[in-house]
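Working notes, structure below.
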Amino acid sequence: MTRQLDPGRLITAGLLGGDQCGRVADGYRLIAESPYVDELQYHEFGYTGILPLRLAQTD
């Protein structure tokens, strides 16, 4: 729907660090590969153990 209303607008998704909000296993990769998201933001607040995994799941 957003692309139909404004096809030139970037669509972003911002996620919290760690494995909150159901972003476990390949959930993060699923969002990163979505054709509906142009930019994926990752917000880490102190726990850096999961960051290498998230970086490996993106291009």
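We did not get these values from a lab; they are worked out from the coordinates using the rules stated. Predicted model only: the values in this text are computed from it and were never measured. Every residue, glycine among them, receives a Cβ derived from its backbone with ideal geometry; neighbour counts consider all protein chains shown.
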Amide H of residue 15 versus every other amide H placed in the peptide plane: which residues, excluding those fewer than 5 positions away on the same chain, fall under 5 Å? 41, 42, 43
Sticking with the crude label model, points 7 Å out along Cα→Cβ, report the distance from residue 1 to residue 30 in nm, one decimal please. 2.1
